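Engineer: Pasting a structure here, questions to come.
The numbers here are math on the coordinates, done by the rules we state, and not lab data. Quantities reported herein were computed from a predicted structural model and do not represent experimental measurements. For neighbour counting, all protein chains shown are included, and Cβ atoms are generated from backbone atoms with ideal geometry for every residue, glycine included.
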Amino acid sequence: MCNLFSMTTNQQAIRDLAKVMVDRTGNLPPLPGIYPNMMAPIVRNSVDGRELMMARWGMPTPPRYLAGKTVDRGVTNIRNPQSPHWRPWLDVAHRCVVPFTSFAEPEPQPDGSRPPAWFAFGETRPLAFFAGIWCRWTSVRKAKDGETTDDLFGFLTTKPNHEVGAIHPEAMPVVLATGEEIDRWMTAPIDDALLLQNPLPDGTLTIVARATPEDPSRQ
């Protein structure tokens with residue numbers, strides 16, 4: 001599962017590629033290490049056009065996994081969007097794209113540790129997007145904060161390509177690398193949009209860093 005990614009490009013690049021009409025993020029700093037339950041930028045549909053805004057990483061957990069628990073830390077990766085739990089958020093109003101410049105997968109080591117290996121489209125970390133969904137939800141995300149209402153997001157996964165599968169054979173994020181793919185995810189009927197739930201072609205990703213809690217690149 002991808003539980004760590006970075007977003008270090010500039011806001012204008014996000015606005016241009018995702019055709020953002022409204023930017024509500026203010027002065028967005030580089031985010032070299034985004035972990036579950038942290039705030040990160042997403043682009044979603046709104047009445048004013050596509051909107052760049054901040055949301056918390058982790059969609060609501062299916063109720064059967066919350067029995068006896070008071071805190072819902074959220075689900076970051078969505079492998080089966082056709083599950084009844086996710087189906088209410090597959091409409092265009094709840095789809096989003098998540099800008100990133102690299103993402104990490106845990107790399108098993110002989111000593112049993114699993115430090116991150118960072119993947120990107122190259123050493124320059126060009127901008128791309130994850131295909132995601134979002135919702136507004138009231139829950140207890142952190143015990144010390146009590147009940148809060150948050151905009152939450154998660155992104156879809158699929159089977160891995162060769163580079164990711166060599167380290168994490170179970171899954172990789174669904175990546176949208178072109179404006180056409182972004183438009184399709186954000187606007188197409190769901191059956192058509194879900195045809196994007198495929199791995200990247202082999203050879204398109206590079207390991208750009210290893211064993212660091214943040215991607216050391218600065219753009």
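Engineer: Taking the number of other C-beta atoms within 10 Å as the exposure measure, put ARG95, ARG15 in order starting with the fewest.
Structural biologist: Numbers: ARG95 21, ARG15 18.
Exposure proxy ranking, most exposed first: ARG15, ARG95.
Engineer: Using Cβ contacts closer than 10 Å as the measure, can you line up CYS96, CYS135, CYS2 from fewest to most? Intermediate results must be reported in sequence, preceding the final value.
Structural biologist: Numbers: CYS96 28, CYS135 18, CYS2 21.
Neighbour counts put them in this order, fewest first: CYS135, CYS2, CYS96.
Engineer: If each residue's Cβ is checked for other Cβ atoms within 10 Å, how do SER6, SER113, SER46 rank with the fewest at the top?
Structural biologist: Least crowded to most crowded, the residues run SER113, SER46, SER6.
Engineer: Also, I was wondering about something else. Residue farthest toward the positive end of the dipole of the stretch 5-210, with Cβ of Lys/Arg at +1 and Asp/Glu at -1: which of VAL140, VAL164, HIS94?
Structural biologist: VAL140
Engineer: Another question, then. Relative to the Cα centre, what is the charge dipole magnitude of the stretch 74-219, using +1 at the beta carbon of each Lys and Arg, -1 at the beta carbon of each Asp and Glu, and rounding to the nearest 20 debye? Write out the running numbers ahead of the final one.
Structural biologist: Details: 13 positive and 19 negative charges, 68 e Å.
Dipole size: approximately 320 debye.
Engineer: Grab the other residues whose beta carbon is less than 15 angstrom from that of PRO62, score K and R as +1, D and E as -1, and report the net.
Structural biologist: Values: positive: ARG64, LYS69, ARG73, ARG79, ARG87; negative: ASP72.
That sum, taken over residues with Cβ under 15 Å, equals +4.
Engineer: Place +1 on the Cβ of every Lys and Arg and -1 on the Cβ of every Asp and Glu in the chain, take the dipole about the Cα centre, and give the residue among GLY203, VAL71, PRO41 whose Cα lies farthest towards its positive end.
Structural biologist: VAL71
Engineer: Under a point-charge model restricted to the Cβ atoms of Lys and Arg (+1) and Asp and Glu (-1), what is the dipole moment magnitude of the stretch 1-104 relative to its Cα centre, in debye to the nearest 20?
Structural biologist: Numbers: 12 positive and 6 negative charges, 65 e Å.
Its charge dipole is roughly 320 debye.
Engineer: Determine the principal axes of the Cα atoms in the chain, then give the extent along each, sorted from largest to smallest and rounded to whole angstroms.
Structural biologist: If we take the Cα atoms of the chain, the spans are 43, 41, 36 Å.
Engineer: Right, another one. If Lys and Arg each add +1 and Asp and Glu each add -1, what is the summed charge of the other residues whose beta carbon sits under 13 Å from the beta carbon of MET53? Walk me through the intermediate numbers first.
Structural biologist: Working: positive: ARG15, ARG24, ARG44, ARG50, ARG56, ARG136; negative: ASP23, ASP48, GLU51, ASP150, ASP151.
In short, +1.
Engineer: How far, in nm, would the chain grow between VAL22 and THR204 when pulled straight, counting 0.36 nm per residue and subtracting the alpha carbon separation?
Structural biologist: Working: separation 182, 0.36 × 182 = 65.52 nm, distance 3.13 nm.
Taking 0.36 nm per residue and subtracting the Cα distance, the gain is 62.4 nm.
Engineer: Now for a different question. Charges on Cβ only, +1 for Lys and Arg, -1 for Asp and Glu, centred on the Cα centroid of the chain; of ALA188, PRO213, VAL20, which one is farthest towards the dipole's positive end?
Structural biologist: It is PRO213, whose Cα lies furthest towards the positive end.
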